[in-house]
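The structure appears right after this line, and notes come after that.
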Amino acid sequence: MKSPLLSQPGAVPAEGSDEGVAAHYGDIFREQRALADGKGLVDLSHRGVLTVTGEDRLSWLHLLVTQHVSELPAGQAADALILSAHGHIEHALYLVDDGETLWAHVEPGTQHAVIEYLDSMKFFYRVEVADRTDDIAVVFLPAGSIAEAPDGVAVRETPYGRDLFLPRGDLDRYAADNGPLAGILAYEALRVEDHRPRVGFETDHRTIPHELGLIGSAVHLQKGCYRGQETVARVQNLGKPPRRLVFLHLDGSEVHLPGPGTPVRLASDGEDGRKLGFVTTSARHHELGPIALALVKRNVPVDAPLMAGDTAASQETVVEP
C-alpha cells in the first residue's frame, strides 16, 4: 500500500520490506536528530494492522502468544510473539487494548498470515479478528513529542515513543499539523541504536527469543501453555541459545555499509576466516556513525574485534553469552 505522504517534497521511496513509505525526505541525519529531540513523526502506514474484538479477546489471545495478556490493562502497550511448534519466532505483534478492542500492528505484508493463524484457533471463543490495514495507518511519535493523539485513536505508549492507529484518511492532515516528517531510515537507525530487534531483519527460520534478548520484554516466563513454550522453557532452564545478538560499531572510513547477511568473522582470521555470524541490519547514525546489529555464535568472545565482510567492527554485548 503506497502512502500519500510519498507526495511530500523531498520524499524518496523506501525499498524492500519497507516499500510503500518514504526512506527519507532529503536529509537523513536531520530527520534522525529531530526524532532524537522528540520532534516530528514517522509514517509507518505500510505496516499491517489488525483488531480483535469480543469479550474473550484477552483470555483467548493469552493462549496463543508468548506474552501475559489475559489481564492487560486498557491503554498499556505489550509486545508478543507467535512461535512455531519448535519455538522459532514467526511473528511479532505490537499490542494495545482500548477497553473494547485489542489493536495490533505487525510487519508489512504479514497480517494475512497472522490473521489466518488466529482464525484457525478461534474454536468456541467469542472473538472476531479483522484486518484493518486498508483503513488504519500506524504513525510513530518519538519519546518527548508534544503532539496530541486525535480523540478516539488507539495509542501504544512505549519508552521510545508512541504508535498511533490513525484513520488512513486523516494521515495527510495529521502529518501537516505535526511534522517535520522523518523517513524509515531515520527510524531504523534509532532502532539499531536502541538494540531493538525486528522480525524478518534480526530473525531467520531458526531464531528463538533468547537469542535476541526478548525474554521478559516479549516473552513472559510465568504464564500458561502456548505453541513453542517447551523450547522456551528448556533453553531458559537447561541451556543457552546457540547465537546471540550483538551491536556493532563499524569502521567509518568505509563508503558502503555491510548489508544484511554479510558474514561476520574474527578480525584476526581475516576475510577467509570461519563465518561466525551475519549482519542483520546496518545504518548510518547521526552521532555514532555507521552501526549494525548482528547475530553471532554464542561462544564468540565479547571483546574480540570482528570483521563484517571487509569492514572492521567492534562489538557491544546485547545478549550475554
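The values are calculated or read from the model by the stated rules, or taken from the named source; none is laboratory data. For clarity, every value in this text was computed on a predicted model and none was experimentally measured. Cβ placement follows ideal geometry from the backbone for every residue including glycine, while neighbour counts extend to all protein chains displayed. Just so you know, the surface numbers come from the protein's heavy atoms only, side chains and all, with ligands and any DNA or RNA stripped out. Shrake-Rupley method; radii C 1.70, N 1.55, O 1.52, S 1.80 Å.
Go over the candidates Leu118, Leu58 one by one and state the one that is in contact (Cβ under 8 Å) with a residue 60 or more places away in the chain, in a helix (DSSP H, G or I) and open to solvent by less than 40 Å² (accessible area, probe 1.4 Å).
Leu118 is the lone residue from the list that is in contact (Cβ under 8 Å) with a residue 60 or more places away in the chain, in a helix (DSSP H, G or I) and open to solvent by less than 40 Å² (accessible area, probe 1.4 Å).
When you go through (1) outside any helix (DSSP H, G or I); (2) out of contact with any Phe, Trp or Tyr (no Cβ under 7 Å at 6 or more places or on another chain); (3) open to solvent by 10 Å² or more (accessible area, probe 1.4 Å) one by one for Ala22, which number turns out not to apply?
(3)
When you go through Leu102, Leu63, Leu83 one by one, which is the residue that is open to solvent by 20 Å² or more (accessible area, probe 1.4 Å) and at pLDDT 95 or above?
Step by step, each of Leu102, Leu63, Leu83 is checked, and only Leu63 is open to solvent by 20 Å² or more (accessible area, probe 1.4 Å) and at pLDDT 95 or above.
Which residue, of Val127, Val155, Val114, Val139, is farther than 19 Å from Gln76 by Cβ, at pLDDT 95 or above and in contact with a Leu (Cβ under 6 Å, 6 or more places away or on another chain)?
Val139
Could you tell me which residue of segment 280-306 is least open to solvent (accessible area, probe 1.4 Å), considering only residues that are part of a loop (DSSP other than H, G, I, E, B) and in contact with a Pro (Cβ under 8 Å, 6 or more places away or on another chain)?
In this case the residue turns out to be Val300.
Hey, among Gly277, Gly309, Gly270, Gly252, which residue is open to solvent by less than 30 Å² (accessible area, probe 1.4 Å), of a type outside the set (Ser, Thr, Tyr) and over 23 Å from Arg206 (Cα atoms)?
The match here is Gly270.
If the Cβ limit is 7 Å and pairs must be 6+ apart or interchain, which residue in segment 300-321 that is more than 17 Å from Thr262 (Cβ to Cβ) pairs with which residue that is among the small types (Gly, Ala, Ser)?
Here the result reads Val318/Gly213; Val319/Gly213, each pair linking segment 300-321 to a residue that is among the small types (Gly, Ala, Ser).
Sort through Tyr160, Tyr187, Tyr226 and tell me the only one that's within 23 Å of Ala11 (Cα to Cα), among the hydroxyl-bearing types (Ser, Thr, Tyr) and modelled with pLDDT of 95 or more.
Step by step, each of Tyr160, Tyr187, Tyr226 is checked, and only Tyr187 is within 23 Å of Ala11 (Cα to Cα), among the hydroxyl-bearing types (Ser, Thr, Tyr) and modelled with pLDDT of 95 or more.
State all residues of segment 239-269 that are assigned to a strand (DSSP E or B) and in contact with a Phe, Trp or Tyr (Cβ under 7 Å, 6 or more places away or on another chain); if no residue qualifies, say none.
Pro263, Val264
Could you tell me which of the residues Val219, Val246, Val264 is in contact with a Lys or Arg (Cβ under 8 Å, 6 or more places away or on another chain), farther than 30 Å from Leu5 by Cβ, at pLDDT 95 or above and among the hydrophobic types (A, V, I, L, M, F, W, C)?
Just one listed residue meets the conditions, Val264.
Looking only at residues that are open to solvent by 40 Å² or more (accessible area, probe 1.4 Å) and in a loop (DSSP other than H, G, I, E, B) in segment 225-238, which one is nearest to His210 (Cα to Cα)?
Looking at residues that are open to solvent by 40 Å² or more (accessible area, probe 1.4 Å) and in a loop (DSSP other than H, G, I, E, B), I get Arg227.
What is the number of the single condition among (1) among the small types (Gly, Ala, Ser); (2) assigned to a strand (DSSP E or B); (3) more than 21 Å from His62 (Cβ to Cβ) that Ala149 does not meet?
Only one criterion in (1) among the small types (Gly, Ala, Ser); (2) assigned to a strand (DSSP E or B); (3) more than 21 Å from His62 (Cβ to Cβ) is unmet by Ala149, namely (2).
Among the residues of segment 48-55, is there at least one that is of a type outside the set (Val, Ile, Thr), under 25 Å from Tyr174 (Cα atoms), modelled with pLDDT of 95 or more and surrounded by 20 or more Cβ atoms within 10 Å (Cβ to Cβ)?
yes
Out of all the residues in segment 7-18, which are touching a residue at least 12 places away in the same chain (Cβ under 8 Å) and surrounded by 15 or more Cβ atoms within 10 Å (Cβ to Cβ)?
Passing the criteria: Gln8, Ala11, Ala14, Ser17, Asp18.
Go over the candidates His91, His68 one by one and state the one that is part of a strand (DSSP E or B), within 25 Å of Ile215 (Cβ to Cβ), touching a residue at least 40 places away in the same chain (Cβ under 8 Å) and not charged (D, E, K, R).
Criteria check complete, one pass: His91.
Hey, could you check segment 153-202 for residues that are of a type in the set (Asp, Glu) and in a loop (DSSP other than H, G, I, E, B) and say which is farthest from Phe247 (Cα to Cα)?
Here the residue is Glu202.
What's the number of the condition Pro108 fails, among (1) within 19 Å of the chain's Cα centre (by Cα); (2) farther than 21 Å from Arg132 by Cβ; (3) open to solvent by 20 Å² or more (accessible area, probe 1.4 Å); (4) not aromatic (Phe, Trp, Tyr)?
Single failed check for Pro108: (2).
Need the failing condition index for Val319 against (1) closer than 30 Å to Arg33 by Cα; (2) hydrophobic (A, V, I, L, M, F, W, C); (3) surrounded by fewer than 14 Cβ atoms within 10 Å (Cβ to Cβ), just the number.
All conditions are met except number (3).
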